[in-house]
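Take a look at the structure set out below.
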Amino acid sequence: MRVVSGIQPTGNLHLGNYLGAIRNWVKMQDQGECLFFLADLHAISQPHVPAELTANTREMAAALIACGIDTDKSVLFNQTQVPAHSQMQWLLNGTARMGWLNRMTQWKDKAGKNREGASVALFTYPVLQAADVLLYQATHVPVGEDQKQHLELARDIAQKFNNDFGNGEAIFTLPEPIIPPEAARIMSLRDGTAKMSKSDPSDMSRINLTDDADTIMQKIRKAKTDPEPLPSEKDGLAGRPEAENLVGIYAALEGSNVDKVLAQFGGQGFGTFKPALGELMVSSLAPIAERFNALRQDVAAIDAALRKGATKAGALAAPTLDRTYAAMGLLR
Ligand code: TRP
């Protein structure tokens, strides 16, 4: 099992980033050989501020390590430092079809009505994503639901390339997506219908990975709820988005599920549930915040970790890149 996944570097990391993607990666480290990278090349498909991209790349690397990505066990790097990603993308651009890319819902959403003004990188973004995983013969790719279509495209590209250039052999492995069952959708603490987001103007809406214990307890105490006690069954959460969110967060942090949490807290009010949630959150996040706050100051350590990962990744990518050039008849 070879696991490969990427995440776009963003700043202001919060509980949603942790429970949505990062924690899932941490768990995968025990299940197979893992490569995790910061998709900094994907980040330039939309307007960006260069200095922020650099800072966010380091910030995200520090967060991943603080959350438990072990750079001795897994390969952690940023795309830019492994040129094979860009090279492979160009090679796959010959296989990907305009029609396939035109059907990508993320392209349609992000380009909106102004397709003529969108960057070419936004359009070919899924080809780079295919290169990211095919380069390493990934067997499994943990992603959120929104990336499933891009993974299917990677399989289509792999299959067509194998047919066109493989001479009866498979150059690329067809990767399987892994969509975590408890793909925790963490919502705002102020509005249970909006995703927890770094761009929400209210800091009370989210738990940052840098928040200390007092801040976390206060944010949970002030989190929006309704006056009813918690139900004992899942159905009872229907139409109560804030209650559902807090119970979901509890379940995700505890590594259990909503039914179990409701079996424990059903019939009790938020006066009981909120302190329990706050304490669970503090005990789960405090060690992460401590490591994160220390590591994010240490630019040299972060850069060294990324360089080490890039060297390992480049070596793992080389054989497939060589075979791909050769299969296409490109003289090197
Ligand atoms: N596009 C992914 C996202 O925005 C990030 C990503 C880039 C990725 N390359 C990848 C995920 C390869 C999985 C595999 O979430």
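Between Gly99, Gly68, the distinction of being more than 10 Å from the ligand (Cβ to nearest atom), on the phi > 0 side of the Ramachandran plot and open to solvent by less than 40 Å² (accessible area, probe 1.4 Å) belongs to Gly68 only. The criterion of being in contact with a Cys (Cβ under 7 Å, 6 or more places away or on another chain) and in a helix (DSSP H, G or I) holds for Ile22. For the range 178-193, a residue qualifies if it is at pLDDT below 95 and either more than 22 Å from Ala252 (Cα to Cα) or of a type outside the set (Val, Ile, Thr) (or both), and the qualifying residues are Pro180, Pro181, Glu182, Ala183, Ala184, Arg185.
Once the range 186-200 is narrowed to residues that are open to solvent by less than 40 Å² (accessible area, probe 1.4 Å) and among the hydroxyl-bearing types (Ser, Thr, Tyr), the residue that is nearest to Thr225 (Cα to Cα) is Ser188. Would you mind stating whether Gln268 is under 16 Å from Glu228 (Cβ atoms), at pLDDT 95 or above and outside any helix (DSSP H, G or I)? It is true that Gln268 is under 16 Å from Glu228 (Cβ atoms), at pLDDT 95 or above and outside any helix (DSSP H, G or I).
When only residues in the range 7-18 that are open to solvent by 10 Å² or more (accessible area, probe 1.4 Å) and farther than 21 Å from Val49 by Cβ count, which is farthest from the ligand (Cβ to nearest atom)? Top of the filtered list is Tyr18. The residues in the range 288-304 that are open to solvent by 20 Å² or more (accessible area, probe 1.4 Å) and under 21 Å from the mean Cα position of the chain (by Cα) can be counted, and the count is 5. With respect to (1) more than 16 Å from the ligand (Cβ to nearest atom); (2) open to solvent by 60 Å² or more (accessible area, probe 1.4 Å); (3) more than 30 Å from Lys274 (Cβ to Cβ), the lone exception for Asp203 is condition (3).
Condition (residue is in the same structural domain as Ala313 (by TED's automatic domain parsing), of a type in the set (Val, Ile, Thr) and modelled with pLDDT of 95 or more) applied to the range 12-25: is it met by at least one residue? No, every residue in the range 12-25 fails to be in the same structural domain as Ala313 (by TED's automatic domain parsing), of a type in the set (Val, Ile, Thr) and modelled with pLDDT of 95 or more. Out of curiosity, is Val120 more than 15 Å from the ligand (Cβ to nearest atom), farther than 18 Å from Arg323 by Cβ and modelled with pLDDT of 95 or more? Judged against the criteria, Val120 is a match.
Residue pairs whose Cβ atoms lie under 6 Å apart, separated by 6 or more positions or on different chains, with the first residue in the range 216-243 and over 12 Å from Phe273 (Cα atoms) and the second part of a loop (DSSP other than H, G, I, E, B) and of a type in the set (Lys, Arg), are Lys224/Arg190; Asp226/Arg240; Glu242/Lys224.
Regarding the range 141-151, can at least one residue be identified that is of a type outside the set (S, T, N, Q) and away from the ligand (no atom under 11 Å from the Cβ)? Looking for residues that are of a type outside the set (S, T, N, Q) and away from the ligand (no atom under 11 Å from the Cβ), one finds none in the range 141-151, hence no.
For the range 102-139, a tally of residues being exposed (fewer than 15 other Cβ atoms within 10 Å of the Cβ), farther than 22 Å from Leu53 by Cβ and touching a helix residue (DSSP H, G or I) at 6+ places or on another chain (Cβ under 9 Å) returns 5.
The values are calculated or read from the model by the stated rules, or taken from the named source; none is laboratory data. This one's a predicted model, so the numbers in the text were calculated from it and none came from an experiment. Cβ atoms come from the backbone with ideal geometry, glycine included; neighbour counts cover every protein chain shown. We work out accessible area using only protein heavy atoms, side chains counted, and drop any ligands, DNA or RNA first. Shrake-Rupley method; radii C 1.70, N 1.55, O 1.52, S 1.80 Å.
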